[in-house]
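Structure first, then comments.
The values are calculated or read from the model by the stated rules, or taken from the named source; none is laboratory data. All values reported here derive from a predicted model rather than from experimental measurement. A quick note on method: Cβ atoms are made from the backbone with ideal geometry, for glycine too, and the neighbour counts reach across all protein chains shown. Keep in mind that these areas ignore ligands, DNA and RNA; they rest on the heavy atoms of the full protein, side chains included. Shrake-Rupley method; radii C 1.70, N 1.55, O 1.52, S 1.80 Å.
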Amino acid sequence: MRLQQEIISQKMSGITTNEGDVIVTSGGNMQCTNIYHVLCCAWDPRGTNASQVLRKIMQTCLNTASQNGYSSIAFPAIGTGGLQFPRDATARIMYEEVTSHSSDNPASSISNILFVVYDQDFATIQAFEDEIGRLTGVPLKKQHGHGSGGSAASSRIGANSSAKNSAYGGFTTVKQKKKGKVSPGQTFQGASGYAASASRGGTFKSLIDGYNNPPKKGFSKMADIIIFYIYAESKNDIDAAIAKIEKLIATEFIDTTIVKETVKKLTDEHMSEIYQVAEPLKVKVEQIDTGRVKQLRIQGITQSVMQVQSIANSILDRISAEVGTKREATLFAKNVRWMFLNERGNFKAYDDETCRIIEQARNSGNPQVDIKIERRTYRIDFKQMIEVDVEDLHTVEVRRELKEGGLALPANWTIMASNETVKAEALPFTSPEYKIVETRFKATCRSQGKVSLDFLVVGQDKINANDYTFRQQTQSKIERIQNPRLYRQYVILKQTMDAKNKQGTNNERVLYHGTSSASVGKINTGGFNRSFAGKNATYYGAGSYFALESSYSASNTYSPVDPNTGHKHVYHCKVLTGEFTTGSQGLLVPPSKNPNDPTDCYDSVTDNVQNPVLFVIFNDAMAYPEYHITFT
């Protein structure tokens, strides 16, 4: 009576009551929010008009429920009674409209959609089952009437699923005079049995609890559907059947995760490449962001998952190689720069990747390397330091420049790792650099007749055996000291001194410094420390002492023999002597040049201004330990 009064009231208010219209009332005594009263028509000979009316009814009901934020709706087999709608046509239209709504409204609030059929109406049940079989390609075979009063199944299409990938299920059958209830967020109750259905690709929990746990986005990647219909007399029997199915699936279905740093670098193109392999194999792949690291989840049949996992790992390995190459190029760009002389007479730097290719070839000992720039090939000749256009043989000069913090480092330095603060690079004894240092050392070491300069070959793995002949009885070595921090400090002081002193002043000299084996590591890392003054001499001031000739520094006084190895140690240094004067014992800083200006001081002091043998500096950064010479 109450529902009838609501309908009459709406008709009096002017609501239309044409075919296909829907009148909404309260739920009355039903445990639901609303009841939709539909105005259908009789089936016409061709079915054209009736089909359109049924489609309009379905669309109006679904849209209205969604607009009101409802999560569930139940439909009877509309028109299959006295209106004489063919059962197969009704099933087809209703399924199609539900599918269309799900596809067109991915954000719809509706998550449970049920078709309710009287359990003794076997023809209608069969029509809906046949339609499920047509849509899924899975023919259904079962007998009706088992259990405590008939069969039961439910149909649900997840609101977040696409049309062709929806989880098609069955329908719900109810006994006559048995009340059911539909309310937002609930599955239709009142069926005499239980059923479950969901799309393939979800976890088994999703397959069983699909009603209240709709598949997450990503599960709809699978086009094929597996539908489970379980019929039993009790829920306990259903649970037992589910447990058996779970056990069977567990033997074939696996859920694995790839956890790698490079997963977060997977692009849409990478994922598309993985999907191309995964989809034909019915394997689900998705990226998962845990907040700490992205993961790649792969689910499906074991053998298929292994194939997809192999492809995914190969792509991730490829990304790792690309990342490593970019990191290496960045490191090279930070430390070394290759440049070519352009048509304007200026040196212009190559891009980072080209610099990396050139530098790697040089470090590998290759005499030349080809590079490609804008579809043209250029050849870098390391011996002549030129770039040759392979096509027209045009030649330009190239230059290699190491840099640190915007300051160019010596061109002969080798690349240092990002975590290296100092590097002692042993020189091949046949290299020109080695010969220059050795010759200078020998030339000023005449008075030290006992000094052996048969320099030891060390680190033979760094020397090409095809290029050199090794000596068997050598005992000494020369190492280039690469310390960017010390070098940068030294160059800045030199620039300051060059600007301060009058033009033509010889501000920089190559001098020698003898030391003990225990001090080698400290000097390589921290440079010379004048706080040690007094250990060997302070006659000309409390500073760091350097000799013009190696013989002075090579004496046992300044370079004691290591009792364990028999070696002695001398540094070939660059020293900023600048403007100097004669030193004296007790000096802590160089004396002032101008009595009226105590801040205008000499740069260093010496033993004899006219014919110096040694120099003393009072600023540790004014000397750089360029080479460490070990000898006997």
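Structural remarks
- In this structure, Gln10 and Gln307 have a Cβ-Cβ separation that, at R0 = 60 Å, corresponds to a calculated FRET efficiency of about 0.50.
- Solvent-accessible surface (1.4 angstrom probe) belonging to Trp43, in square angstrom, nearest 10: 70
- Accessible surface ranking that places the most exposed of Leu135, Leu248 first, with a 1.4 angstrom probe: Leu248, Leu135
- R0 of 45 Å, Cβ-Cβ distance Ala241-Ser320: FRET efficiency to nearest 0.05: 0.45
- Within the range 347-437, the trypsin sites (Lys or Arg not before Pro) that combine a DSSP coil assignment with at most 10 other C-beta atoms in a 10 angstrom radius are Arg375, Lys383.
- Working from label points 7 Å from Cα in the Cα-to-Cβ sense, the Arg375 to Arg2 distance is 8.1 nm.
- Accessible-area value, Lys502, 1.4 Å probe, nucleic acids and ligands omitted, Å²: 150
- Built amide H within the under 5 Å cut-off of Leu614, gap 5+: Leu548, Asp607, Asn608
- ³J(HN,Hα) computed for each position of the range 587-595 - Karplus, 6.51 cos²θ - 1.76 cosθ + 1.60, integer Hz, glycine/proline x: 5, 9, 9, x, x, 6, 7, 10, x
- With all protein chains in place and a 1.4 Å probe, the accessible surface of the range 371-442 carries 51 percent carbon and sulfur.
- Using the 1.4 Å probe convention, the accessible area of the range 520-628 works out to 46 Å² per residue with neighbouring protein chains retained.
- Rounded to the nearest Hz, the phi-derived 3J(HN,Hα) couplings of the range 72-81 under the Karplus curve 6.51 cos²θ - 1.76 cosθ + 1.60 (θ = phi - 60°) are 9, 7, 10, 10, x, 7, 4, x, 7, x, where x marks glycine and proline.
- Carbon/sulfur fraction of accessible area - the range 1-46, other protein chains in place, 1.4 Å, %: 51
- A cut-off of 5 Å between modelled amide H atoms, ignoring neighbours fewer than 5 places along the same chain, links Ala74 with Leu114.
- ³J(HN,Hα), Karplus 6.51/-1.76/1.60, whole Hz, each residue of the range 35-46, x for Gly, Pro: 10, 9, 9, 10, 9, 9, 10, 6, 5, 8, x, 8
- Amide hydrogen neighbours beyond the local backbone of Ile386, cut-off 5 Å, H modeled: Asp381, Val398
- For the range 1-139, the dipole from Cβ point charges (+1 on Lys and Arg, -1 on Asp and Glu) about the Cα centre works out to 280 debye, to the nearest 20.
- For the range 265-326 and the range 112-135, distance of Cα centres in Å: 40
- Relative packing of peptides 542-550, 518-526, 601-609 - highest average C-beta neighbours within 10 Å first: 542-550, 601-609, 518-526
- Accessible area in square angstrom per residue, the range 13-117, 1.4 angstrom probe: 44
- Contour minus Cα-Cα distance for Lys502 and Asp289 (0.36 nm per residue): 70.1 nm
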